[in-house]
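Read the structure below first, then the notes.
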Amino acid sequence: MTARTTTEASVAAGEGSAPHRGRWRTARGRSQLARVALAHPVRSLLVIYALSRLVAVLGLWVAARWYQTPAGVGHLEPGLADMFRLWDTQWYHRIVTEGYPIPLPADPETGEITYSAWAFFPLFPALVRLVMYSGIGFTASAVALNLVLGAAATLLVWKVLSFPGHADSQPARERLAFVAAALWCFYPATGVMVLPYTEALAAVLIAAALLMLMRGRYLVVAGIALLLGFTRGVAAPLGVAVLAHLWLRWRDDREAGVTPFGHDRLRIATMLLATGLSGIAWPLTVGWLSGLPDAFFRVQAAWGQRPDEGPFVLWFSWAWEQRGLLAVVVMVSLVGTYIALVLGRHGRWIPLEVRMWALVYPLYLFAVVRPITSMWRFLLLDFPIAALLASVVMRTSTGGRVVPHWRRRAVVVLGVLVIGVLTWSCALLPYVPWHVTPP
């Protein structure tokens, strides 16, 4: 045997040069780690979720240590605990400890309804109050509740994206769904799911509603929709997802030669009624309790939300004021690119009901929410963004197959997302009285 042949045999057996053996063992280790993670997805996602919470808390600590001004917290040494008491957290604390004010606060000079706690939905503070019966305070109760809800949301996002119905065949679906859920844990505004905010609860309810919808559990969807009505104003995009599912169900029943909807008609009618009521449940409740039928909308207007001025108008006006035609073109291009991703090859592996949520929810936000930095955290509920990102990272440009080096790509994207978490925490979360940029 020649020296060259001996060397080749040694390399083939994994006994080549030290650098070669190192690279081979590293690649093998990464592959083995990925196989173990996919073999135990629940446990692996919970570990990833726990790591993401550590990153989120690190971002809060950095923001408190180097970016939070003493003027925003009322003492000279801002700390981590202060970051859990800023912005909307104060309003939820007030709701839990004092309730909603009756009569509605009004400007003493003009008599106009002013901003108050009535703009905030009641389910999250009600759950926090239940946790507080254990004897711990508001902040600890809210944070503990959100940590549990965030873990549940991560698992539900994974289950929703891995659901095989009404989507293009994709042999790597489980892998894509796993990576998407993992990336979603590191969404730049994920720190808000640690704070006493409603995002974690809303994410659980939305993902659960979509999962139960795809499984045909219509009465469960009805119950979740009613809970959502007292959590977030997202009935319209959820309703579109429901209608998309019913169209698919009608088509499938017709093709199978059976009566459309069969014995589910009453359940479907209940679901549709509950979804519709979800959109008006809290406004009606506010009107009834306050004695002013339009109280909720007057309070929202005091907070700056004025959808009556027309859908999308405020965003186009803002873009034009910022950079003129260029800003408008950039904004429209970004929206168009996102829609193309949802409807194109990178979105086809996602169930149609979920794609409808991904398509309608952001457009709904742009239609009714004024230009505000809080849009970053609002878009946290558009978790299919993570599915699109996972597809772009892991698959070829045609979406046909998973590339061999997808792990390296995922690590790079994960690093960018971690930087995004730190940036969001430091740029938007600190409260500076003379420069208000709400998270």
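Values in this text are rule-based calculations from the coordinates and carry no lab data. Everything numeric here is computed off the predicted structure, so don't read it as measured data. Because the Cβ atoms are built from the backbone with ideal geometry, glycine has one as well, and the counts that use them run over all protein chains shown.
Using helices alone, what [θ] at 222 nm do you get for the chain, with -39,500 (n - 2.57) per DSSP H run of 4 or more residues, divided over all residues and rounded to the nearest 500?
The helix contribution divided over the chain gives -20500 deg cm²/dmol.
Calculate I(q)/I(0) for the stretch 190-311 by the Debye formula, one identical point scatterer on each C-alpha and no solvent, and give its log10 at q = 0.15 Å⁻¹ to two decimals.
These q points yield log10 I(q)/I(0) values of -0.79.
List the residue ranges in the chain for DSSP H helices whose C-alpha atoms run 18 angstrom or more along the long axis and whose Kyte-Doolittle average is -0.5 or above.
In the chain, the long hydrophobic H runs are 41-62, 138-161, 199-214, 235-256, 265-278, 325-343, 352-368, 406-427.
So what's the chain giving for Cα Rg divided by 2.2 N^0.38 Å, two decimals?
After normalising by residue count via 2.2 N^0.38 Å, the value is 1.11.
What is the packing order of peptides 225-235, 324-334, 180-190, taking the mean over residues of other C-beta atoms within 10 Å and listing the highest first?
180-190, 225-235, 324-334
Roughly what would the spin-label model give for VAL332 and SER397, points 7 Å off Cα along C-beta, in nm?
Reported label-point gap for VAL332 and SER397 is 2.6 nm.
The stretch 116-187 to the stretch 302-371: how many Å between their Cα centroids?
A separation of 24 Å, based on Cα centres.
What is the stretch 32-98 by shape, rounded, prolate or oblate, if you read a ≥ b ≥ c off the alpha carbon gyration tensor as root eigenvalues and call it rounded for a/c under 1.5, prolate for a/b larger than b/c, and oblate otherwise?
oblate
Ranking GLU98, GLU199 by Cβ neighbours within 10 Å, fewest first, what do you get?
If I rank by nearby Cβ atoms, fewest first, I get GLU98, GLU199.
At 20 °C and 1.002 mPa s, grab the translational diffusion coefficient of the stretch 82-228 from Stokes-Einstein with a Kirkwood Rh over Cα pairs, rounded to a whole number in µm² per second.
Rounded to a whole number, D works out at 123 µm²/s.
Once the other residues with Cβ under 13 Å from the Cβ of LEU104 are scored (Lys, Arg +1; Asp, Glu -1), what is the net sum?
Combined, the nearby Lys, Arg, Asp and Glu give -2.
What is the Cα radius of gyration of the stretch 257-296 over 2.2 N^0.38 Å, N being its residue count?
Compared with the compact-globule rule of thumb, the stretch 257-296 sits at 1.80.
Is the stretch 252-403 best put as rounded, prolate or oblate by its Cα gyration tensor, with a ≥ b ≥ c the root eigenvalues, rounded for a/c under 1.5, and otherwise prolate when a/b is larger than b/c, oblate when not?
Because a/c hits 1.5 or more and a/b fails to exceed b/c, the stretch 252-403 counts as oblate.
Just grab the label-to-label distance for HIS435 and HIS263, each label 7 Å out from Cα along the Cβ direction, in nm (one decimal).
6.5 nm
Quick one: compute the contact order of the chain, relative version, from alpha carbon pairs under 8 angstrom and 6+ residues apart, as a percent.
Value for the chain: 23 percent.
Among 316-323, 83-90, what's the highest-first ranking by average C-beta atoms within 10 angstrom per residue?
83-90, 316-323
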